[in-house]
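Structure first, then comments.
The values are calculated or read from the model by the stated rules, or taken from the named source; none is laboratory data. All of these numbers come straight from a predicted model, not from anything done at the bench. Neighbour counts are summed over all protein chains in view; Cβ atoms, including those assigned to glycine, are modelled from backbone coordinates with ideal geometry. To get the accessible areas, we keep the full protein, side chains included, count just its heavy atoms, and leave off ligands, DNA and RNA. Shrake-Rupley method; radii C 1.70, N 1.55, O 1.52, S 1.80 Å.
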Amino acid sequence: MGISLLQPVQKHEHLRQLESEAIYTLREVAGQFERPALLFSGGKDSIVLVHLAQKAFAPGGIPFPLLHIDTGHNFEETIEFRDELVRRTGATLLVRYVQDSIDSGRVREETGPYSSRNGLQTVTLLDALSELKTDAAIGGARRDEEKARSKERVFSHRDVFGQWDPKNQRPELWNIYNGSKNPGEHFRVFPLSNWTELDIWQYIVSEGIPIPSLYFSHVRKVIQRSDVLLADSEFLAKLPGEVPELRRIRFRTVGDSTCTGAIESNASSLEDILSEVISARVTERSGRADDRRSDAAMEDRKRQGYF
Amino acid sequence: MAAAGILRFATAGSVDDGKSSLIGRLLYDSKSILEDQLLSIEKASQQRGSGQVELALLTDGLRAEREQNITIDVAYRYFSTDKRKFIIADTPGHLQYTRNMVTGTSTADVSVILIDARKGVLSQSKRHAAISALLGIRQLVVAVNKMDLVDFSEHRFDEIAQEFSAFVAKLGIPQTEFIPISALLGDNVVEPSASMEWYSGPTLLKFLEEVEPHQKPFEELRLPIQYVIRPNQDYRGYSGRIESGALNVGDTVEVSTGSTARVQSLYVGGQAELGAIAGQGVVVELDRDIDVSRGDLLFAPTSPPLVSDRIEAIVCWMTEQPLELGRRYLLLQGPTRVSATVESIVHRVDVDSLDEQPVSSLGMNDIGRIIVHTASPLHFDPYAVSPGTGSFVMVDPFTHSTVAAGMIQEAVSKSEPEIVTGKWLWLSIPIDDARSLSSELRKFGKVVVVLPNNLDDVLIKDFLQQGIHVISVGGNPMPGSVKVVIEGQDTRPLTLEAILSLL
Ligand SMILES: Nc1nc2c(ncn2[C@@H]2O[C@H](COP(=O)(O)OP(=O)(O)O)[C@@H](O)[C@H]2O)c(=O)[nH]1
Ligand SMILES: [Mg+2]
């Protein structure tokens, strides 16, 4: 089953409803908070967010900055794409570096073959939010991504330590979002809460939204580690016996290069990707090595203030 | 048929009726469960030592509930078929989670109520139907589950359907569909059942694919303003989502602050357009410079909303700190924010029996009818007509938490002459007891004076005309007063209840 593909957006009533809901949420952020920021990762969800923010505030510009937490282990393509998007939209971009958190001793770099800067991002992010006095951080997370997220609110409260308390969430009814808080606390806001991966791809296709080349099939040096394909790079520590090999792959999510898994694929157009997503038998986050650490991994990281 | 849109439904049932299994089944049979999710719940099922794959684990996400084996919060789930996209709000069934049910149902088009065929209609099933009715749900689906455990008996199914129909009739819900299912085996969920040939209706999924969400016939323009867009000196755009009605360039609109203007230009989703309809987010430019800000409402001058600073509403209390009369709360109605106090509680609704009871406060999970006084007039429509402008939440200004969800019933007009006169009671209790009784009555919003029995009845009539209740004590009952005899010791609680029912 699946909704028929490749129709113009006006034929997709569900996409129009999701779009309108997201625009409503973005305007609530602009209306309720003093210093919002849009967390931009370079992945497709945050690209869709930027597109929606343009629509929400046109003919004005996006009234808040994009904030990128740079692990220093990004794919080159992500950074090029980011800078091009900023040029195209006229948005303000702020970048904060995990490397700076390491240099200043705020975090200690992990070592070994499974090391990743993904976890360290949390500290850099929370430091950036308090430095910028951000009171609402808009993120591209979706409830269908992961079990712990299925219960998260659209306006999700964070205490002064940036932590989420899943057992003590505010009830969220109708279209009424309660953004009141004490000084020093902040909100994470998720305008794409009700979207699925398929909705995102259909929306990208029907709106013709540019996305980084990483999402399309290409030949790249990868390392196979159990059933995950990881991009070979100077940042990826190899296990004994691991040898990079050339494969035709693409990425389904784009995050830190050391823990974003690729899949073998020939999908070279948006249409190909859509058909692949529809017949997909593996959820997108499962390619991310960091979710594998434990079944409740996401819940634990979210409590600590992860994206 | 309308373009394939989104159908939102809330599932409700008592603990162990099979909600989580049903949702798991819907996702599984509609092929919305992906391989690695399946692997992960298979692993978890094995760890718990259960013989088969527990589809319920798909929806029971948070660690605490996986440990306690219950659903403790509203979880949202997604799947789609060729016909439409579905958003499920999976809500818990326990009494202490009534508020979560209210939350999940607030955005639903349809409620799916689960009944365990062995247990039949429980008070919890009724509560879920009653809450659905309060939240304006017009379509109920009653899935009679675990039919495999009652030998797929048509007689048992009919029995349950009859009993429940009788209850639902009292709620004024126009459409109720009964479907016999087995969430565990899959009968009548996605695939028709081979074991219940006596049933000729649709499967649950087919019903959900085809049900037309109730269209609110309300067509008056309501556009609450969310945010003012000012890219430069020459342009001011008012952004918001059209809750009902339509808006075109050239239309005259009135603002809740009192001014009128014409629509000069309209943006919808970033494009200049000539018109927009309900559900669309717009940016409106007006032809003259008037003061419009976040929280103001645009409407057509010919069909204004109701305006009042006193409203009567049904609320669900959502927090442990009970409702306090006279305390300041923040009221959020869409983007509108105003200070408010609760003036009085009309009654509490017992959602199991639908009885209305006098109370002095509402506690967590209570549903009651209250009178709210706002610091400035609210522009609104009754919830039943227009949920977008008839719903609100109340926020505690100190803890910032959301303490209540409300549905506006009507305006309480201030200028309305007090035709209500006070009641005159004569009580057989000592004057000191009567005084403490009167202060308790005051907590229920009743204004009461206690007078010795030898006063001039002109004075008493004066009080009564002002709507003040008079309690006389001592001597013999005077003509015109209602005699209330209280017997026995320690009768205070009894007295309070008895007196309240008289006032
Ligand atoms: N025999 C039978 N058992 C069922 C059926 N549906 C659910 N169950 C079982 O009832 C128990 C409670 O189910 P669950 O889905 O967790 O109920 P919830 O508390 O309403 O979410 C589990 O052991 C299920 O396997 C059914 O149709 N038939
Ligand atoms: Mg359950």
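At R0 = 41 Å, how high is the FRET efficiency between B:Gln233 and B:Ser413 if r is their beta carbon distance? Nearest 0.05 is fine. With R0 = 41 Å, the Cβ-Cβ based efficiency is 0.40. Other residues lying with their Cβ under 11 Å from the Cβ of B:Gly258 contribute a combined charge of -3, Lys and Arg counting +1, Asp and Glu -1. Counting Cβ atoms of other protein chains within 10 Å of each Cβ in A:19-32 and taking the mean gives 6.
Below 9 angstrom from the Cβ of B:His373, what's the summed charge of the other residues (Lys, Arg +1; Asp, Glu -1)? Result for the neighbourhood of B:His373: -1. The sum of -39500 (n - 2.57) across all DSSP H runs of n ≥ 4, divided by the residue count of chain B, sets its helix-only mean residue ellipticity at 222 nm to -6500 deg cm²/dmol.
Dividing the Cα radius of gyration by the Kirkwood radius, what Rg/Rh value follows for the protein assembly as shown?
Numbers: Rg = 29.4 Å, Rh = 29.1 Å.
Result: Rg/Rh = 1.01.
Within the shell defined by Cβ-Cβ distances under 11 Å, the residues around A:Phe57 carry a net charge of +3, with Lys and Arg each +1 and Asp and Glu each -1.
The mean sequence separation of alpha-carbon pairs under 8 Å and at least six residues apart, normalised by the residue count of chain A, gives a relative contact order of 21 percent.
Restricting the calculation to Cα atoms, chain B shows an Rg/Rh of 1.05 when the hydrodynamic-style radius is the Kirkwood one. Ranking A:Val98, A:Ala148, A:Ala137 by Cα position along the charge dipole of segment A:97-158, where only Lys, Arg, Asp and Glu carry charges on their C-beta atoms, puts A:Ala148 farthest toward the positive end.
The charge dipole of segment B:306-411, taken about the Cα centre with unit charges on the Cβ atoms of Lys, Arg (+1) and Asp, Glu (-1), comes to about 400 debye, rounded to the nearest 20. For the pair A and B, how large is the buried accessible area, both sides, in square angstrom to the nearest 100, if the probe is 1.4 Å? Counting protein atoms only, the buried area is about 5800 Å². Using all pairs of distinct alpha-carbon atoms, the Kirkwood hydrodynamic radius of segment B:383-454 works out to 16.5 angstrom. Taking the average, over residues, of other Cβ atoms within 10 Å as the packing measure, peptides B:473-479, B:383-389 rank B:383-389, B:473-479 from highest down.
Which value results for Rg/Rh of segment B:223-299 when Rg is the Cα radius of gyration and Rh the Kirkwood radius based on the inverse mean 1/r? Expressed as Rg/Rh, it is 0.91. The alpha carbons of chain A occupy a box of 54, 51, 38 Å along the principal axes, longest dimension given first.
With a/c under 1.5 counting as rounded, go ahead and sort segment B:424-502 into rounded, prolate or oblate using the C-alpha gyration tensor (a ≥ b ≥ c being the square roots of the eigenvalues; past the cut-off, prolate if a/b is larger than b/c, else oblate). Because a/c hits 1.5 or more and a/b fails to exceed b/c, segment B:424-502 counts as oblate.
Filter the GluC sites (Glu not before Pro) in segment A:100-148 to those in DSSP coil with at most 16 other Cβ atoms within 10 Å of their Cβ, and list the result.
When the GluC sites (Glu not before Pro) of segment A:100-148 are filtered for loop state and at most 16 Cβ neighbours within 10 Å, A:Glu109, A:Glu110 remain.
Taken per residue, the accessible surface of chain A reaches 37 Å², heavy atoms only and a 1.4 Å probe. Counting only Cβ charges, +1 for Lys and Arg and -1 for Asp and Glu, the dipole size of chain B around its Cα centre is about 740 debye. I need the fraction of alpha carbon pairs in segment B:306-411 separated by more than 18 Å, rounded to a whole percent. Of all Cα-Cα distances in segment B:306-411, 41 percent exceed 18 Å. Simple point charges give the picture: +1 on the Cβ of Lys and Arg, -1 on the Cβ of Asp and Glu, and for the protein assembly as shown a dipole about the Cα centre of about 880 debye. Neighbouring Cβ atoms from other chains, within 10 Å of the Cβ of residues in B:392-404, number 4 on average. Measuring between their Cα centroids, segment A:170-225 and segment B:189-227 lie 28 Å from each other.
Take each residue in B:267-275, count the other chain C-beta atoms within 10 Å of its C-beta, and the mean is 4. In this label model, B:Leu503 and B:Leu354 are separated by 2.9 nm, measuring between points 7 Å along each Cα→Cβ vector. When both segment B:94-158 and segment B:332-407 are represented by their alpha-carbon centers, they are found 25 Å apart. Segment A:228-242 and segment A:74-117 have their alpha-carbon centroids 20 Å apart.
With the charge dipole of chain B set up from +1 on Lys and Arg Cβ and -1 on Asp and Glu Cβ about the Cα centre, the Cα lying farthest toward the positive end among the listed residues B:Leu135, B:Ala169, B:Gly281 is that of B:Gly281. Over all orientations, segment B:152-204 has a Cα convex hull whose mean projected area works out to 3.9 square nanometres.
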